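Below is one structure, written out as structure tokens; the observations come after it.
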Amino acid sequence: MTKVKSLDDLRKMRDDLQSKVNLREKSDHPEKMVQIKVSMATCGIASGAKETMNFLIEELDAQAIDTVVTQTGCMGYCYAEPTIEVTLPGEKPVVFGHVDLKKAAEIVEKYIKNGELVDGIIPVNYETVDEKNNE
Amino acid sequence: MAKYNSHILVCGGTGCRASQGEEIVENLTRAIEENGIENEVQVVRTGCFGFCEKGPVVKIIPDNTFYVHVSPDDASEIIAEHLVKGRKVNRLLFVDPETQQAVSESKDMGFYKKQLRIALRNCGFINPENIEEYIARDGYAALGKALTSMTPEEVIKEIMDSGLRGRGGGGFPTGLKWDLTRKVESDVKYVVCNADEGDPGAFMDRSILEGDPHSVLEAMAINGYCTGASNGLIYIRAEYPLAIQRLKIAIDQARESGLLGKDIFGTGFDFDVEMRYGAGAFVCGEETSLIHSMEGLRGEPTVKPPFPSEKGYKGKPTNVNNVETYANIPVILLKGSEWFSRIGSEKSKGTKVFALAGKVNNVGLIEVPMGTTLREVIFDIGGGIKDGKKFKAVQTGGPSGGCLTEKHLDIPIDYDNLLQCGSMMGSGGMIVMDEDDCMVSMAKFYLDFTVEESCGKCAPCRIGNKRLYEMLDKITKGNGTEEDLARLRNLSNVIKDTSLCGLGQTSPNPVLSTMENFPEEYLAHVKDGKCPAGQCRSLMEYVIDEDKCVGCTLCSRVCPVDAISGDKKMPHVIDVSVCIKCGACMEKCKFGAISVQ
């Protein structure tokens, strides 16, 4: 890992990382690149998020769908764990709740492959502070 | 294959479903078929929109039109007008109560977005095990800014001006605490993160550490810079293995990137963080106990002063802050105190994270600006009470807090208002209770916890709480007298006044606040020998209704103590002197003949 030796280093690193994310979104085959985040805090894992995540990775791999599956922390929807957020290229992120293996398979088949929504969407009901600072 | 160009989202939250959500879905689907657009429009059920008061709600995408108070009869109009002709159904739009204007897009509804995530800004967004994702979200930029362009005094002034107060429950001004530690001269100082979250039902700090560990590390380093400390310690309970694992990964990555360790940002500032594990004692959330526990001593409090800012860990000046307090710091430095102090109420700035639990539909982790009312939290964000029951009370502040009732629902939540109502902010646990919960039993539950967790050092807490528990137990068993109620109140006040630390000083709060808000419930227990909520087993009596009983003998066969007798096809009887009130008979009875009185 590169060492951060000054604030300029950090800023450069941040910009690089941000553009890397953008690059990923605007890759050569945007119609295929899907991003999935799985809420993996203690509560999510206890309700089966790990199984869901493993299933998604294997299933999407088996079907050769170009996807990045990552873990993240608590999304706050404890009543609907496990929760996942799916971002199709060019689309807004969509959060699905109660994603057991059956639901995960349905999401892959219907939403990820055909852009067709499935029951169990969780409307995002919060605003996040805008990280852009006033340097 | 159908390629839908419009979606209709129908709220499938418990509240909306109760108010005909399913029927709306059916009617919409039918209307879509009638108009022959089933290949263009799809109806989808969603989770709760957090807009329950206006339910049932329906949202059309992609144009994000929001319809409120929709009835099944409106379905055909929505389809025919909006989806076929492209004209919005104005009468179903949300009318802004202030401007009296119809608003169609949910993002324009100030009312709708009640949650603002500052401390939780990265939770559920970044991968907590990857420092790069944190840096991409401006992580460690606040530390960089502080180290390279601000003096410690300027940073502290910024925190003071922001109005940030301790999120662990006490509400002490954070900037002032830092300043006190900074002013004490010493060769070595320590910065501590209190991650000993112990309230039953609270999981805010765990979620932050599991979802965004770097924000805490960054803030601790900023704290170190301000107070002159180069050692950070995180005191975390061993029951949080995932949080510990993620913190360890975060510390390693920060060290590798040179963001912890020697000469950070080339400024000559050294700072590193170590972990200390607690065994899960509630009293160790109190800062002096926490420090003793870290030193390898018994987790017992000592009298303040001296405060940890003068004599803390190993006798050196120590600054202890809570996880959520730290998580706010980087944002304040980047966006400025002026921005932060615009959020919240007059004396409590910013937001507060709550773990919403109990008899509420949307159990979850929420973050709202200070000054939000309990009604908004419980009924809008929380989606109301489970199974359509009636709201009775909400306990804030865990075992140290008190209960708030119907009459407190519209009070803006902040440190001072909650204290005035006889409760407290606490660390942010919020347990909602419905009509089936007995307040005496609730107080007894918390006292049971306190008795278990009292360290035993001072007499009022060690002995007094035990006596309180015994009195409550007596009352719930139907043996209490009215004199007991007076004694209960008296002893509670003595414990509050004379205990050594925060644990004892607040432990009678659940008793006092339930006595204050539900005096009739206590009286019913001692005078009439009845538990109005039907929860105290000893005060219940199972009876068989002779008219409904058909004599199937199912109940007598399931009774574990043979308390039920009667001939076949004849009404049965329960012998109350033998009955242990397990409720097995009532569960088995197919005719609803058995009831509790």
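Of the accessible area of the range B:359-493, with the probe set at 1.4 angstrom, what percent is carbon plus sulfur? Numbers along the way, then the final one.
Numbers: 2470 of 4860 Å².
Result for the range B:359-493: 51 percent of the exposed heavy-atom area is carbon or sulfur.
Name the long-range amide H neighbours of B:Arg276: under 5 Å, sequence gap of 5 or more, or other chain; modelled H, no Pro or chain starts.
B:Ile234, B:Tyr235, B:Ile236
If you count the DSSP beta bridges with both ends in the protein assembly as shown, what percent of them are antiparallel, to the nearest 5?
Counting only bridges with both partners in the protein assembly as shown, antiparallel ones make up about 55 percent.
What are the ³J(HN,Hα) values, in whole Hz, obtained from phi via the Karplus relation 6.51 cos²θ - 1.76 cosθ + 1.60 with θ = phi - 60°, for each residue of the range B:207-219 in sequence order, with x given for Gly and Pro?
Karplus values, whole Hz, x for Gly and Pro: 5, 5, 5, 6, x, 8, x, 5, 4, 6, 4, 4, 5.
Taking every pair of Cα atoms in the range B:541-596, average 1/r, invert it to obtain the Kirkwood radius, and report Rg/Rh to two decimals.
Reported Rg/Rh, Kirkwood definition of Rh: 0.89.
Residues in the range B:118-153 near a label at A:Lys20, defined as backbone nitrogen under 16 Å from the 7 Å Cα→Cβ point?
Once the point is set 7 Å along Cα→Cβ of A:Lys20, B:126-140 turn out to lie under 16 Å by backbone N, inside the range B:118-153.
Using a 1.4 angstrom probe on the protein heavy atoms only, could you order B:Arg137, B:Arg489, B:Arg91 from most to least accessible area?
On the way: B:Arg137 50, B:Arg489 105, B:Arg91 145 Å².
The residues order as B:Arg91, B:Arg489, B:Arg137, largest area first.
Can you tell me how much longer the chain between B:Lys466 and B:Glu81 gets when fully stretched, taken as 0.36 nm per residue apart minus their C-alpha distance, in nm with one decimal?
Difference between extended and current length: 131.8 nm.
Two decimals is fine: what is log10 I(q)/I(0) at q = 0.13, 0.19 Å⁻¹ for the range A:29-122, from a Debye sum with one equal scatterer on every Cα and no solvent?
Rounded to two decimals, the profile gives -0.36, -0.80.
About its Cα centre, what dipole magnitude does the protein assembly as shown give when the only charges are +1 on Lys and Arg Cβ and -1 on Asp and Glu Cβ, stated in debye to the nearest 20?
Dipole about the Cα centre, nearest 20: 1240 debye.
Which angle between 0 and 90 degrees, to the nearest 10, do you get for helix A:7-25 versus the longest principal axis of chain A when only C-alpha atoms count?
Orientation of helix A:7-25: about 30 degrees from the principal axis.
What accessible area per residue comes out for the protein assembly as shown, rounded to a whole number of Å², with a 1.4 Å probe? Don't jump to the answer; show the numbers that get you there.
Details: 30370 Å² over 732 residues.
Counting only protein heavy atoms, the per-residue value for the protein assembly as shown is 41 Å².
Calculate how many DSSP beta bridges within the range B:6-108 are antiparallel, expressed in % of all such bridges and rounded to the nearest 5.
Working: 11 of 17 bridges.
Given both bridge residues lie in the range B:6-108, the antiparallel proportion sits at roughly 65 percent.
Quote the charge dipole size of the range B:439-527 about the Cα centre in Debye, to the nearest 20; the model charges only the Cβ of Lys and Arg (+1) and of Asp and Glu (-1).
Working: 11 positive and 12 negative charges, 54 e Å.
The dipole magnitude comes to about 260 debye.
For the interface of chains B and A, what total accessible area is buried with a 1.4 Å probe, rounded to the nearest 100 Å²?
In total, this chain pair buries about 5000 Å².
Could you tell me which GluC sites (Glu not before Pro) in the range B:343-377 are loop residues by DSSP with no more than 16 other beta carbons within 10 angstrom of their beta carbon?
For GluC sites (Glu not before Pro) across the range B:343-377 that sit outside H, G, I, E and B with at most 16 neighbouring Cβ atoms in 10 Å, the list reads B:Glu346.
Return the long-range amide H neighbours of B:Val320 (sequence gap of 5 or more, or a different chain), with a cut-off of under 5 Å between placed amide H atoms.
B:Val192
Taking each residue in B:364-372, count the Cβ atoms of any other chain within 10 Å of its Cβ, then average. What number comes out? Could you put the intermediate results ahead of the total?
Numbers: counts 10, 8, 5, 5, 1, 0, 0, 0, 0.
Mean number of neighbouring Cβ atoms from other chains: 3.
To the nearest 0.05, how large is the calculated FRET efficiency for B:Glu546 and B:Asn479 if R₀ is 22 Å and r is the Cβ-Cβ distance? Before the final figure, lay out each step's value.
Numbers: r = 31 Å, r/R0 = 1.40.
Taking R0 as 22 Å, the efficiency between B:Glu546 and B:Asn479 is 0.10.
Within the range B:374-429, which trypsin sites (Lys or Arg not before Pro) sit in a loop by DSSP and count at most 12 neighbouring Cβ atoms inside 10 Å?
Qualifying residues, ordered by number: B:Lys390.
Would you mind computing, in nm to one decimal, how far apart the modelled labels at B:Lys248 and B:Ala486 are, each placed 7 Å from Cα along Cα→Cβ?
5.9
Which value in nm describes the separation of the simple spin-label points at B:Glu40 and A:Thr87, placed 7 Å from the Cα toward the beta carbon?
3.1
What residues have an amide H closer than 5 Å to that of B:Thr373, excluding those fewer than 5 places away on the same chain, when H is modeled at 1.01 Å from N in the peptide plane?
HN-HN under 5 Å from B:Thr373: B:Ile413.
Just subtract the alpha-carbon distance of B:Val578 and B:Ala279 from 0.36 nm times their residue separation and send over the number in nm, one decimal. Write out the running numbers ahead of the final one.
Details: separation 299, 0.36 × 299 = 107.64 nm, distance 4.29 nm.
Going from the current span to full extension adds 103.4 nm.
Sorted by accessible area with a 1.4 angstrom probe, largest first, how do B:Lys183, B:Lys335 fall?
Per-residue accessible area, sorted high to low, gives B:Lys183, B:Lys335.
If you take every DSSP beta bridge fully contained in chain A, what fraction is antiparallel? Give it as a percent rounded to 5.
60
Say the dipole of the range B:170-266 comes from +1 at the beta carbon of Lys and Arg and -1 at that of Asp and Glu; which of B:Pro213, B:Ala243, B:Val192 then lies farthest toward its positive end?
Value computed over the given set: B:Val192.
Using 15 Å as the cut-off for backbone N distance, which residues of the range B:323-365 belong to the label zone defined by a point 7 Å from the Cα of B:Leu176 along Cα→Cβ?
B:347-349
The values are calculated or read from the model by the stated rules, or taken from the named source; none is laboratory data. All of these numbers come straight from a predicted model, not from anything done at the bench. Cβ sites come from the backbone with ideal geometry, for glycine too, and all protein chains shown count toward neighbours. Heads up: the accessible areas ignore ligands, DNA and RNA and are worked out on the full protein's heavy atoms, side chains in. Shrake-Rupley method; radii C 1.70, N 1.55, O 1.52, S 1.80 Å.
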